[in-house]
Amino acid sequence: MRYYCAPMEGVTGYPFRNAHTQIFPGMDRYYTPFVAVGPNMTMRKREIRDTDPANDETGCLIPQVLTSHAESLVWAMEIFAEKGYREVNLNLGCPSPTVVTKGKGAGMLKDPTALDMFLEDTFDGLEKKGLSGRIRLSVKTRLGVTDAAEMKTLTEIYNRYPISELCIHARTLAAKYGGEPDLDAFAAACRDAVMPVCYNGNIFTKEEMQRLTERFPASDFPRLEAVMLGRGIVADPALQRECAGGEAASGEELQRFLTELLRRYRQEIPEDNNILFRMKELWAYLGDRFPEEEKKLKKVRKAKKMAEYETAVAELLGC
């Protein structure tokens, strides 16, 4: 089984990815938070920085693109091919209302016919540009909009194209991140898909990973080759290692990771207040590791200055 680090806007930018691979090596792939490309064929400066190979120390980075325009996707893939990337991931899974209302992300699943035309135009465009052999397109999708039964039609569409990998978040758009993933619908999609499949959804512990592998044995689901870890890897940076049979993160390791991440943020962000905001955003997930330490966690969350934050974290971790 391969393990991927999911893209999380505002959290898993290159300072996080580089710090993570340094302290907790072993992830097979990291994905960038989505690069939003519209019909104007431009990328924002922060997206250019985040996808710049010079800023990547993981050696296994995949840019993710959010767009509803085939020409824009082909343009972005050409840019990334010129930078040396060999794969781009198309985001058809984001459930954010601001994304969906623009017909992007999981909003594209609302019209399967239009999605089919989009993919046809994309692969035709790649062929015309001579990019088909230079860069692959993988897709991240949900099971549908309101009903997981929609995934059968979606999978039929995906199967028509040379998609290199299908990452399935085992929820519908309507479910967002609530409730339990629909493993029965995922199983059906995994059997129907003709390309390698990656599972995504609610893997927070090694026990949950064990249950997943028991539910989907390789003998019955040979196309299931990878698992994407999102909120789980942010809450527990050693989760991939644990799922692969290794040790949980020690307090000292976690302290080294946080120190390294802080150092990298300081190289990129001049204002302590903005750095503090980023670190607290991380602790919104990391805090789940310390259910018995609410008083100490409160000190981390309420720190108004960097010195207060560092003292509170050291107290919490016992380092």
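Could you work out how far apart the two model spin labels at residue 218 and residue 124 are, taking each label as a point 7 Å from the Cα in the direction of the beta carbon, and quote it in nm?
In this crude label model, residue 218 to residue 124 measures out at 4.1 nm.
In degrees between 0 and 90, to the nearest 10, how far off the longest principal axis of the chain does helix 112-128 point, with axes built from Cα atoms?
Compared with the principal axis, the helix lies near 90 degrees.
Of all alpha-carbon pairs in region 1-44, indicate the percentage at a distance above 11 angstrom.
Value for region 1-44 (Cα pairs over 11 Å): 69 percent.
Using a Gaussian network model on the chain with a 10 Å cutoff between Cα atoms, which of 231, 191, 211 fluctuates the most?
In this elastic network of the chain, the residue with the biggest mean-square fluctuation among 231, 191, 211 is 211.
Taking all protein chains as present, what is the carbon and sulfur share of the accessible area of region 143-184, in % to the nearest whole number, probe 1.4 Å?
Reported share for carbon and sulfur atoms: 53 percent.
Given a 10 angstrom Cα cut-off, can you work out which residue in 142, 29, 49 is the most mobile in a GNM of the chain?
49
Using alpha carbons only, how many degrees (0 to 90, rounded to 10) separate the axis of helix 70-82 from the longest principal axis of the chain?
60
So what is the accessible area of region 240-294 per residue, in Å², with the probe set to 1.4 Å?
For region 240-294, the per-residue accessible area is 56 Å².
Which value in nm describes the separation of the simple spin-label points at residue 9 and residue 111, placed 7 Å from the Cα toward the beta carbon?
Taking the simple label geometry, residue 9 and residue 111 are separated by 2.2 nm.
Residue 110: which aspartates and glutamates have alpha carbons under 16 Å from its alpha carbon, excluding same-chain residues fewer than 8 sequence positions away?
147, 150, 156
What's the Cα-based Rg to Rh of the chain, Rh via Kirkwood?
Looking at the chain, the ratio lands at 0.97.
Filter the cross-link list 280/304; 83/128; 176/296; 176/304 down to pairs whose alpha-carbon distance in this structure exceeds 22 Å.
Pairs exceeding the cut-off: 176/296; 176/304.
Quick check: the angle from helix 272-286's long axis to the longest principal axis of the chain, C-alpha only, nearest 10 degrees?
Tilt relative to the chain: about 70 degrees.
Which order do peptides 292-299, 113-120 fall in by mean Cβ count within 10 Å, highest first?
Descending packing order for the listed peptides: 113-120, 292-299.
Using the Cα gyration tensor of region 1-119, with a ≥ b ≥ c the square roots of its eigenvalues, what is the shape: rounded (a/c below 1.5), prolate (a/b larger than b/c) or oblate (neither)? The partial results should precede the final answer.
Numbers: a/c = 1.93, a/b = 1.60, b/c = 1.20.
The shape class here is prolate.
Which Cys residues of the chain have no other Cys Cβ less than 4.7 Å away and so no disulfide-compatible partner by this rule?
That list is 5, 60, 94, 190, 243, 319.
The values are calculated or read from the model by the stated rules, or taken from the named source; none is laboratory data. Worth saying up front: this structure is predicted, and the values here are computed from it rather than measured. So basically every Cβ, Gly included, is an ideal-geometry build from the backbone, and we count neighbours across all protein chains shown. Ligands, DNA and RNA are excluded from the accessible area calculation, which covers all protein heavy atoms including side chains. Shrake-Rupley method; radii C 1.70, N 1.55, O 1.52, S 1.80 Å.
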